[in-house]
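Chemist: Structure in structure tokens, see below.
The values are calculated or read from the model by the stated rules, or taken from the named source; none is laboratory data. These numbers come from a predicted model, not from an experiment. Note that we place each Cβ from the backbone using ideal geometry, even for glycine, and neighbour counts take in every protein chain shown. Quick note on the areas: whole protein, heavy atoms, side chains included, nothing else; ligands and nucleic acids left out. Shrake-Rupley method; radii C 1.70, N 1.55, O 1.52, S 1.80 Å.
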Amino acid sequence: MTTLSGHWWTPRQLITLLVAGTLMALPGMAGADESLTVVTWGGSYAKAAQKAYFEPFTEHTGIEVRIEDYNGGLAEVRAQVETGNVYWDVIDLEIPDAVRGCDEGLLELIDIDDLPPAPDGAPARDDYFEESRSDCGAGGLVYSTIYAYNQISFPENRPATIEDFFDTDKFPGRRGMRRSPAANLEFALLADGVAADSIYAVLDTPEGISRAFRKLDTIKDQIVWWEAGAQPPQMLADREVVMSTAYNGRIFNAQVLENQPFTIVWDGQLLASGVIAIVAGTPKLEIARQFVLFASQIEYMAAVSRYISYSPIRHSALELINTHLETGVDMRPHMPTYPNNMQRAVREDWEWWSDNADEMNERFSAWLVR
């Protein structure tokens with residue numbers, strides 16, 4: 001404990017106070033009429049981010065945060081940067097896209113050593129999960145692609161493994177999958193008997209890629225494709241599909257806020273990291289950097305988990321995971337990083353996807369129309 005102006009402060013409170021003071025003192029600090037456009041995933045995640053750190057950032061700085069939604073990818077960022085007409089400032093990205101964006105000069109570099117330290121003084125570099133460290137953005141959260149089912153569709157015998165997702169004899173009915181090779185290839189190989197820690201070694205061979213597509217062939221005529229994260233919960237609720245891959249947080253919100261009878265199958269979940277990146281050429285570079293610095297504080301990072309079941313990406317923030325603010329549900333068992341949920345998890349190899357995304361997207365598109 002430390003005394004300051006007659007008050008006692010914990011180390012964490014001191015760090016938060018110092019970071020907030022730094023934000024207020026930075027040159028070019030905005031007046032109340034300035035704004036920042038932040039692009040994110042929409043839906044329940046955007047609402048969580050708004051409560052967790054968009055609104056607190058505005059309260060601390062007077063800068064309005066304007067939110068736009070998108071479904072991922074670099075196409076719009078690339079178009080803005082190449083034409084010099086940049087109107088997005090900060091964007092949530094999947095790490096493979098962030099790395100590719102850096103390679104193409106579409107994003108501003110962010111030095112991890114400039115981000116706030118942990119409460120015990122440990123540098124940010126040591127506090128962030130190793131797989132999230134990048135100069136292409138500041139790590140934001142850990143989420144996973146899982147699959148879920150509506151209990152009404154399976155009143156007795158219920159799916160429990162990733163193999164069950166591909167077993168249309170034992171569990172007949174249509175499946176929802178994202179219209180993308182990412183996650184689908186990993187799920188296919190895992191269901192075909194490849195060990196979780198060998199997925200990318202197998203995908204790194206032509207034979208392994210063909211093997212994944214052959215496994216997808218076995219359910220292709222039963223797949224309903226989705227593109228936006230809000231679609232799987234709706235498809236399950238409407239019983240358009242009996243099970244669907246989905247982002248875990250979307251299913252959690254449907255469970256606790258809408259009382260949907262959904263069950264998440266954690267077996268084979270694909271863990272991935274999101275980053276907060278700055279679009280190259282933004283005319284609001286200084287306040288964009290201030291926003292990233294603010295959002296990297298563990299209090300605001302962990303606050304997201306009070307609204308949706310996505311995990312902080314800093315070790316020191318994990319201890320701050322609490323209950324769901326609206327319902328009081330203990331959030332820890334609903335986190336992708338909860339030990340019971342990690343038994344056969346696959347950690348996304350973002351370097352592999354950064355190197356191979358174009359080729360996989362082309363092959364996937366060709367496979368779809370074949």
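Chemist: Give me the orientation-averaged projected area of the Cα convex hull of the chain, in nm², one decimal. Intermediate values should be presented prior to the final figure.
Modeler: Numbers: hull surface 77.5 nm².
For the Cα atoms of the chain, the hull's average projected area reads 19.4 nm².
Chemist: Averaged per residue, what accessible area in Å² does the range 249-370 show with a 1.4 Å probe, protein chains only?
Modeler: On the way: 4970 Å² over 122 residues.
Ligands and nucleic acids excluded, the figure is 41 Å² per residue.
Chemist: Suppose we keep just the DSSP beta bridges with both residues in the chain; what percent of those would be antiparallel, to 5?
Modeler: Values: 30 of 46 bridges.
Of all bridge pairs located within the chain, approximately 65 percent are antiparallel.
Chemist: Same structure, new question: So, with +1 on the Cβ of K and R and -1 on the Cβ of D and E, and no other charges, what is the size of the charge dipole of the range 117-180 about its Cα centre, to the nearest 20 debye? Before the final figure, lay out each step's value.
Modeler: On the way: 8 positive and 11 negative charges, 100 e Å.
Dipole of the range 117-180, to the nearest 20 debye: 480 debye.
Chemist: Enumerate the lysines that Lys51 could reach by cross-link, defined here as Cα to Cα under 22 Å, with residues fewer than 8 away along the same chain left out.
Modeler: Straight-line reach from Lys51, under 22 Å: no lysines qualify.
Chemist: Give the residue from Ile278, Leu190, Trp350 lying farthest towards the positive end of the charge dipole for the chain; charges sit on Cβ (+1 for Lys and Arg, -1 for Asp and Glu) and the dipole is referred to the Cα centre.
Modeler: Leu190
Chemist: Please get the size of the charge dipole for the chain, origin at its Cα centre, with Cβ charges of +1 on Lys and Arg and -1 on Asp and Glu, quoted in debye to the nearest 20. Working shown, then result.
Modeler: Numbers: 29 positive and 54 negative charges, 203 e Å.
Around 980 debye, computed over the chain.
Chemist: Test of the criteria: in the range 238-291, which trypsin sites (Lys or Arg not before Pro) are in a DSSP loop and have at most 14 other Cβ atoms within 10 angstrom of their Cβ?
Modeler: Numbers: sites: Arg239, Arg250, Lys284, Arg289; in loops: Arg239, Lys284.
In loop regions of the range 238-291 (DSSP not H, G, I, E or B), the sparsely surrounded trypsin sites (Lys or Arg not before Pro) are Arg239.
Chemist: Once every DSSP H run of n ≥ 4 in the chain is given -39500 (n - 2.57) and the sum is divided by its residues, what mean residue ellipticity at 222 nm do you get, rounded to the nearest 500 deg cm²/dmol?
Modeler: On the way: 16 runs with 139 residues, N = 370.
After summing the helix terms and dividing by residue count, I get -10500 deg cm²/dmol.
Chemist: Based on Cβ point charges of +1 for Lys and Arg and -1 for Asp and Glu, what charge dipole magnitude is obtained for the range 45-99 about its Cα centre, in debye rounded to the nearest 20?
Modeler: 80 debye
Chemist: Here is a follow-up. Select from Thr218, Phe129, Ala118 the residue farthest towards the positive end of the dipole of the range 116-273; place +1 on Cβ of Lys and Arg, -1 on Cβ of Asp and Glu, and compute about the Cα centre.
Modeler: Positive-end residue among those listed: Thr218.
Chemist: Can you give me the C-alpha center-to-center distance between the range 224-242 and the range 301-361, rounded to a whole angstrom?
Modeler: 21 Å
Chemist: Can I ask one more? Just in the range 273-319: which GluC sites (Glu not before Pro) are loop by DSSP and have at most 15 other Cβ atoms within 10 Å?
Modeler: Details: sites: Glu286, Glu299, Glu319; in loops: Glu319.
Loop-located and lightly packed - Glu319.
Chemist: On the protein heavy atoms, probe 1.4 angstrom, tell me the percent of accessible surface of the range 174-330 carried by carbon and sulfur. Write down the numbers at each step before the final one.
Modeler: Values: 2540 of 5400 Å².
Ligands and nucleic acids excluded, carbon and sulfur give 47 percent.
Chemist: Taking the range 57-109, which trypsin sites (Lys or Arg not before Pro) meet the DSSP loop condition and have no more than 15 other C-beta atoms within 10 Å?
Modeler: Values: sites: Arg66, Arg78, Arg100; in loops: none.
Here no trypsin sites (Lys or Arg not before Pro) fit, given the DSSP loop and packing criteria.
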